[in-house]
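Everything on this sheet refers to the single structure shown next.
Coordinate-derived values only; no laboratory data. Just so it is clear, the model here is predicted, and its values are computed rather than measured. Cβ placement follows ideal geometry from the backbone for every residue including glycine, while neighbour counts extend to all protein chains displayed.
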Amino acid sequence: MCGIVAAVAQRNVQGILLEGLKRLEYRGYDSAGMTVLHDNQLTRHRAQGKVAMLEACLTEQALPGTCGIAHTRWATHGRPSEANAHPHQSSERIAVVHNGIIENYQSLKQSLRDKGYLFTSETDTEVLAHLLADTQQQGMSLLAAVQQCLATLKGAYALGVMSTRDPSVVVGARQGSPLVVGVGIDEAFLASDPLALLQVTDRFIYLEEGDVVELREGGKISLFDSRGNVVERPVHTFEHGDGAASKGDYRHYMLKEIFEQPEVIAAALEGRLSDEGVLVESFGPEAVAHFQTLKQIHIVACGTSYHAGLVARYWLERYAGVPVQVEVASEYRYRQVVVPEGTLFVTLSQSGETADTLAALRFAKTRGYVGSLAICNVPGSSLVRESDLCLMTRAGPEIGVASTKAFTTQLVALMLLTLAIARAQGGKVDREIITALRGLPKLCQEVLALDPAIESLAQSFAEKHHALFLGRGAHFPIALEGALKLKEISYIHAEAYPAGELKHGPLALVDSEMPVIAVAPNDDLLEKLKSNLQEVRARGGLLYVFADESVGMTEEPEVQVLTLPYVHEALAPLLYTLPLQLLSYHVAVLKGTDVDQPRNLAKSVTVE
């Protein structure tokens, strides 16, 4: 993987493809390339490193033409190099870009070698180029060749293919990795993400599993399902403006997205609350029936979304009285899952295309759950389409690889889910939480106003190599999320523990070189947390505490305290997330790392 852009137009497509790649840089990648068809010849440029390196090649030698494909690669097979960069070609006749993994590429490769094909890369994608070239020798069209070859592949893929035998044609295919068609005026486009094409269109067709699409000159789009039948798919208008994916006046996308949180949290709540509580129908027309009868919930997610699920477990069990199990998606389907009667399956994903989470949903459909609910940020994504119920988080495009506003809007959605289930099952409406939710955007603005103080605090971390995050109750997952953010973008080793677990091992690590960050809201566990923090002080540890203004914690030589405004106990995990995000951001800036595109990571992980 990571990013695909293709175009069949009535104008030179080089600029369209290059701009599309730039808009996909947020996903993380190690090389970039482009192939354009002109005068029935394929011309290619590839470069290791950033898209700017490819742009420099294009400045020296342009690639004019009205039909082309381009790609940014995140290595899965073979090290980052120009030779391993996409597009891959065969005999100057076929060019392929590919996201995903072809699991049986080794056997296919040996068969092609036996036929005399030479391989110049370490990738599984080059196998596709030679396989298509070999198939087209039988005299079939590019579309027919792609359809025949797909039957031999095992794994996940999104493909964009061109051939000199079918000039002004691009064929795309999708199986387990996202792909969308951009609908233009007498033009057609292909991409792995709508954001790549917002400069040319806001109308998209989301391909479904097994779909194959043929784009022809004049904007003709032909769609086929996995059986080769002609099908029609709805055209969706992208709901966010093109400016939503720009940095504006901010130094980094991540900082912009942190400061967008009051706005997107308000959007996540809009139209979903009434004087009587959460509107259960917000989750779909069948939500009331599902929520009234459910007896248990399984939440499955990855990374940051998994942390959101852990917070939700505290909420759902306390306020809705429903037992909850939270699973890491990549582990969930590799054990014998016991599904109690009346269990709802809930998935969380920013992109809706996370491979492990999607695979878990498909596995869950065979296990007897009463239904499935997706909490997601991308309408039309696979997770949304394949779930019985959904709630969109409305965070807007999130470009920074380290998730910020997607996480907090997931938490909002999960609190709405908690209150909706409680209401559907006849529980008392907690009007205090409803009122607190309405006031949450303003509180977030107050916390973000502490940014200068947090930036100053970050100075103490710039030369550190390790950090320890502590929390109790629903704030333990927030500590996990804080540690993850610091790891992701500053490359400082960070761990998180329930504060009560210090004495069971982590205290051995505490010294003056190990900063300890704690979140201290005013809740039932505050006094126990204070005792745990004394354990740190007694061992010479440096404490950095984000505390409720009412708890009375004072600064001392080895204790720095940053006070936050009072928030209802139920919503404190949301509010206390923000200063941890800012802390990680400013530490990363001080260390000079690539904040928006941290090394080795990708935004949308569409491989297992």
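Given the options Ser168, Gly219, Thr237, identify the residue whose Cα lies farthest towards the positive end of the charge dipole of segment 2-244 (+1 on Cβ of Lys, Arg; -1 on Cβ of Asp, Glu).
It is Ser168, whose Cα lies furthest towards the positive end.
For segment 483-496, in order, what is each residue's ³J(HN,Hα) by Karplus, 6.51 cos²θ - 1.76 cosθ + 1.60 with θ = phi - 60°, in whole Hz (x at glycine and Pro)?
So the Karplus estimates, Gly and Pro as x, are 5, 4, 4, 5, 5, 4, 10, 10, 6, 8, 5, 9, 10, 10 Hz.
I'd like to compare 217-224, 350-357, 195-202: which one has the highest average count of other Cβ atoms within 10 Å, and what's the full order after that?
Result, highest mean first: 350-357, 195-202, 217-224.
Okay, helix-only estimate at 222 nm for the chain: each DSSP H run of n ≥ 4 adds -39500 (n - 2.57), divide by all residues, round to 500 deg cm²/dmol; what do you get?
Only helices count here, giving -10000 deg cm²/dmol.
By average Cβ neighbour count within 10 Å, what is the ranking of 430-438, 470-478, 443-451, 291-299 from highest down?
Put in order of decreasing packing, that is 470-478, 291-299, 443-451, 430-438.
Could you sort 408-415, 420-427 so that the peptide with the highest average Cβ count within 10 Å comes first and the rest follow in order?
Averaged packing, sorted descending, gives the order 408-415, 420-427.
Rounded if a/c is under 1.5, else prolate if a/b is larger than b/c, else oblate: which is segment 247-448, with a ≥ b ≥ c the root eigenvalues of its Cα gyration tensor?
oblate
Expressed as a whole number of Å, what is the distance separating the alpha-carbon centroids of segment 277-353 and segment 458-500?
26 Å
Under a Cβ-Cβ cut-off of 15 Å, what is the net charge of the residues other than Pro167 that fall near it, where Lys and Arg count +1 and Asp and Glu count -1?
Once positives and negatives cancel, what remains is -1.
Say the dipole of the chain comes from +1 at the beta carbon of Lys and Arg and -1 at that of Asp and Glu; which of Ala287, Ala474, Ser382 then lies farthest toward its positive end?
Positive-most Cα among the choices belongs to Ser382.
Tell me, what HN-Hα J-couplings in whole Hz come from the Karplus equation 6.51 cos²θ - 1.76 cosθ + 1.60 at θ = phi - 60° for each residue of segment 142-148, using x for Gly and Pro?
4, 4, 5, 5, 4, 4, 5
Can you tell me, using C-alpha contacts under 8 Å and at least 6 residues apart, the relative contact order of the chain as a whole percent?
12 percent
Among Ser168, Ser163, Ser91, rank each residue by its count of other Cβ atoms within 10 Å, from fewest to most, as a rough exposure measure.
With the sparsest Cβ surroundings first, the list reads Ser91, Ser168, Ser163.
Which Cα, out of Leu590, Leu128, Thr393, lies furthest along the positive dipole direction of the chain (beta carbon charges, K/R +1, D/E -1)?
Going by the charge dipole, the pick is Leu128.
May I ask for the angle, rounded to the nearest 10°, between helix 303-315 and the longest principal axis of the chain, with both axes built from Cα atoms and the value confined to 0 to 90°?
So the inclination is approximately 40 degrees.
Could you check what % of the DSSP bridge pairs in the chain are antiparallel, to the nearest 5?
60 percent
Under a plain spin-label model, where a point goes 7 Å from the Cα along Cα-to-Cβ, how far apart in nm are Ser91 and Lys247?
Roughly 4.6 nm, to one decimal.
Please work out how much length the chain gains when fully extended from Met53 to His465, using 0.36 nm per residue of separation minus the C-alpha to C-alpha distance, in nm with one decimal. Write out the running numbers ahead of the final one.
Numbers: separation 412, 0.36 × 412 = 148.32 nm, distance 3.20 nm.
So the chain would gain 145.1 nm between Met53 and His465.
Measure nothing fancy, just the Cα-based angle from helix 431-448's long axis to the longest principal axis of the chain, in degrees from 0 to 90, nearest 10.
70 degrees
By how many degrees, 0 to 90 and rounded to 10, does the Cα axis of helix 405-424 deviate from the longest principal axis of the chain?
Between helix and principal axis, roughly 70 degrees.
From the phi angles alone, apply the Karplus equation (6.51, -1.76, 1.60; θ = phi - 60°) to segment 55-66 and give each ³J(HN,Hα) in whole Hz, x where the residue is Gly or Pro.
With coefficients 6.51, -1.76 and 1.60, one gets 4, 5, 4, 5, 5, 6, 9, 5, 10, x, x, 9 Hz.
Under unit Cβ charges (Lys, Arg +1; Asp, Glu -1), what dipole magnitude, rounded to 20 debye, does segment 2-244 have relative to its Cα centre?
Working: 21 positive and 28 negative charges, 79 e Å.
Using only the charged Cβ atoms, the result is roughly 380 debye.
Roughly how many debye, to the nearest 20, is the charge dipole of the chain about its Cα centre, given +1 on each Lys and Arg Cβ, -1 on each Asp and Glu Cβ, and no other charges? Could you put the intermediate results ahead of the total?
Working: 53 positive and 71 negative charges, 209 e Å.
For this selection, approximately 1000 debye.
Taking the Cβ-Cβ separation of Gln110 and Val230 as r and a Förster radius of 35 Å, what is the calculated FRET efficiency to the nearest 0.05?
Working from the Cβ atoms, E equals 0.50.
Would you mind ranking Glu488, Glu281 so that the residue whose beta carbon has the fewest other beta carbons within 10 Å leads the list?
Starting with the residue having the fewest Cβ neighbours, the order is Glu281, Glu488.
Under the rule of at least 5 residues apart or a separate chain, name every residue whose amide H is placed under 5 Å from the amide H of Ala518.
Residues meeting the amide H criterion: Leu470, Tyr544, Val545, Phe546.
Under the rule of at least 5 residues apart or a separate chain, name every residue whose amide H is placed under 5 Å from the amide H of Leu179.
Leu207
Only counting other Cβ atoms within 10 Å, I'd like Ser305, Ser141 sorted with the fewest neighbours first. Don't skip to the answer; put the middle values down first.
Values: Ser305 24, Ser141 15.
So the residues, fewest neighbours to most, are Ser141, Ser305.
For Ala496, what residues show an amide H to amide H distance below 5 Å, using hydrogens built from the backbone and excluding near sequence neighbours?
Phe469
Shape verdict for segment 2-244, please, from the Cα gyration tensor: rounded (a/c under 1.5), prolate (a/b greater than b/c) or oblate. Don't skip to the end; give the middle numbers.
Numbers: a/c = 1.41, a/b = 1.14, b/c = 1.23.
Rounded.
Assuming R0 = 60 Å, can you tell me the calculated FRET efficiency for the pair Gln41 and Leu279, based on Cβ-Cβ distance, to the nearest 0.05?
Details: r = 58 Å, r/R0 = 0.97.
That gives a FRET efficiency of 0.55.
Among [x] 24.1, 72; [y] 24.1, 79; [z] 25.4, 80, only one was calculated for this model; which label is it, if the read-out is Rg and Dmax of the Cα atoms in Å?
Evaluating Rg and Dmax of the Cα atoms in Å on these atoms matches [z].
Could you check the spin-label model distance between Ser222 and Arg362? Points 7 Å from the Cα along Cα→Cβ, value in nm.
Placing both labels 7 Å beyond Cα along the Cβ direction yields 2.7 nm.
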